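A.B. asks: Structure provided below as C-alpha cells; questions to follow.
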Amino acid sequence: MTQTFTPRVFSGIKPSGGLQLGNYLGAIKRWVDMQGKGFENIYCVVDLHAITVWQDPRELKDATREVAAGMLASGIDPTTSILFNQSQVPEHAELAWIFNCVARVGWMNRMTQFKDKAGSNAEAVSLGLYAYPALMAADILLYHATHVPVGEDQKQHVELTRDIATKFNHDFKTDFFPLTEPVIEGPGMRVMNLRDGSRKMSKSGDSDMERINMTDDADTISKKFKKAKTDPAPLPETVAGLKDRPEARNLVDIYASLSDMTPEQVIAQYPGAGWGTFKPALADLAVEKLAPISTEMKRLMADKGEIDLILAKGAERARAIAAPILRQTYDIVGLLRS
C-alpha cells in the first residue's frame, strides 16, 4: 500500500555572511508567497551547515539571528509557518548519520557544489563539507517534506535526496520516505552581481557595490542600483534582445521579481528605454519593496530575546513532527531503544 504524505514544504538558509538580495528573491520571497497555499511550511536557519567551514562562534549566533530577522521582516509568519534554527532540533544530525550509511561515495563525488567550494584544496577541507548533502537530505526527509523550493544550482541536492529516499525504501522494503519534488520557478531566481552580470550575487564579493544587502538603507539601495553596471545599448523591444547582455538581463529580472511581473511584461513597459530612465525606476521600486524589510530587521535585531523565543517555539513545533519520524526510522533500520 502506497503511503500518503501531507503536502509539506521545507527549505533553509545558511547563516554565513549576511543576507543579500539573492537570498530574498531566490528564496525568502517565494517562501512568503507559499504560505497559505495548501502546504505546511517549515523554514530553517541551517546553522549546522554553516560550520562545514570555520565560523567565529559569537558571529555565528548573531548571523543566525540576522537570517531569522530577515525572514520575519520579509513576511514569514511564525504562527502560520514553522521557523527555527537547525541545531535546536538534534534529530537533523541523527538522521544525517543514517543517511551517511545509505548514500554512496560515488554519489557524493558527483556533487558539483563540493567541487566548486573545495577547489584544488579538496584534501584539506572538512569531512562535513564533503558529507553535508546527506545532512541536507536529512533536513528535508526528517519532515517527510514533499516539496522544496530551490534555485537551479540546488536542484542536484534534491535529486540526491530522492536517491537516498529511494535506496532507503528499497533496502528496507518500505515506502517510508517521499520522493521530494524541487520547486523551481519565477524570475530573478538567480540574482547576479551588480558589477559583473556573469557572476552570481554573493555575500562574499570583493566590493559592497556588487550586491544589495538586506540591511542596506533606502539611500544605499538606490545608489547601488543607479551605479549598477550596464552596457551602452538601451533596453530592447523584446526579451530576445537581452541575449548576450548579462547585466541588462539581470536588472530586468530583478525588476520583474520585485514587481511580480515577467521579464516580458517589464520589457513591454519599458521598450527601448535608456538606462537613465530604467535604473532610477528600478531603484525606486527596490527602495519601496526592500527598505521596510531593512527597517524591520533592525528593530528585530535590537531585541534578540524576541528572535530567540520565536526560534525556540519553532523548534518545539519542528520536533513534534521530526521526533516520531526519526523513531520510526530507527525501528525500520533495527536500532534498539530500551
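A.B. asks: Somewhere in region 112-129, is a residue touching a strand residue (DSSP E or B) at 6+ places or on another chain (Cβ under 9 Å) and modelled with pLDDT of 90 or more?
C.D. replies: no
A.B. asks: Go through region 138-160 and give me each residue that's small (G, A, S) and without any contact (Cβ under 8 Å) to a residue 40 or more places away in the chain.
C.D. replies: If we filter region 138-160 for residues that are small (G, A, S), which is where we start, we get 138, 145, 151.
None; the set is empty.
A.B. asks: Something else now. Just checking, how many residues over region 264-284 are small (G, A, S), assigned to a helix (DSSP H, G or I) and surrounded by 14 or more Cβ atoms within 10 Å (Cβ to Cβ)?
C.D. replies: 2
A.B. asks: Going by the conditions given, is P187 under 30 Å from A286 (Cα atoms), modelled with pLDDT under 95 and either of a type in the set (K, R) or in contact with a strand residue (DSSP E or B) (Cβ under 9 Å, 6 or more places away or on another chain) (or both)?
C.D. replies: Working: under 30 Å from A286 (Cα atoms): yes; modelled with pLDDT under 95: yes; either of a type in the set (K, R) or in contact with a strand residue (DSSP E or B) (Cβ under 9 Å, 6 or more places away or on another chain) (or both): no.
When the stated conditions are applied, P187 does not pass them.
A.B. asks: Sticking with this one: Would you check if there is a residue in region 55-77 being of a type outside the set (S, T, Y), buried (at least 20 other Cβ atoms within 10 Å of the Cβ), more than 14 Å from the chain's Cα centre (by Cα) and assigned to a loop (DSSP other than H, G, I, E, B)?
C.D. replies: So far as region 55-77 goes, no, none of its residues is of a type outside the set (S, T, Y), buried (at least 20 other Cβ atoms within 10 Å of the Cβ), more than 14 Å from the chain's Cα centre (by Cα) and assigned to a loop (DSSP other than H, G, I, E, B).
A.B. asks: Continuing with the same structure: Please state which one of F177, F225, F168 is aromatic (F, W, Y), modelled with pLDDT of 95 or more and within 30 Å of D62 (Cβ to Cβ). Write out each step before concluding.
C.D. replies: Numbers: F177 fails: within 30 Å of D62 (Cβ to Cβ); F168 fails: within 30 Å of D62 (Cβ to Cβ).
The conditions single out F225.
A.B. asks: Looking at region 78-90, which of its residues are in a loop (DSSP other than H, G, I, E, B) and buried (at least 24 other Cβ atoms within 10 Å of the Cβ)? Outline the logic, then answer.
C.D. replies: Here is the first cut: in region 78-90, the ones in a loop (DSSP other than H, G, I, E, B) are 78-81, 89-90.
The one that is in a loop (DSSP other than H, G, I, E, B) and buried (at least 24 other Cβ atoms within 10 Å of the Cβ): V89.
A.B. asks: Sticking with this structure for a sec: Report those helices (runs of 4 or more DSSP H) wholly inside region 127-242 carrying at least 2 residues which are assigned by TED's automatic domain parsing to the domain that holds A73.
C.D. replies: Because the criterion is at least 2 residues that are assigned by TED's automatic domain parsing to the domain that holds A73, the helices (runs of 4 or more DSSP H) in region 127-242 that meet it are 127-141, 155-171.
A.B. asks: Right, something else. What pairs can you find where one residue is in region 30-48 and free of Cβ contacts under 8 Å to residues at least 60 places away in the same chain, the other is basic (K, R), and their Cβ atoms are less than 7 Å apart, with a gap of 6+ or different chains?
C.D. replies: Within 7 Å, the pairs are E40/R8.
A.B. asks: Just to be sure, is G22 farther than 20 Å from K203 by Cβ, among the small types (G, A, S), assigned by TED's automatic domain parsing to the domain that holds Y130 and modelled with pLDDT under 95?
C.D. replies: Values: farther than 20 Å from K203 by Cβ: no; among the small types (G, A, S): yes; assigned by TED's automatic domain parsing to the domain that holds Y130: yes; modelled with pLDDT under 95: yes.
So G22 does not fit the description; no.
A.B. asks: Could you tell me which residue of region 91-117 is surrounded by the most Cβ atoms within 10 Å (Cβ to Cβ), considering only residues that are without any contact (Cβ under 8 Å) to a residue 12 or more places away in the chain and under 21 Å from the mean Cα position of the chain (by Cα)?
C.D. replies: Looking at residues that are without any contact (Cβ under 8 Å) to a residue 12 or more places away in the chain and under 21 Å from the mean Cα position of the chain (by Cα), I get K115.
The values are calculated or read from the model by the stated rules, or taken from the named source; none is laboratory data. Keep in mind the model is a prediction, meaning the values are calculated, not measured. So basically every Cβ, Gly included, is an ideal-geometry build from the backbone, and we count neighbours across all protein chains shown.
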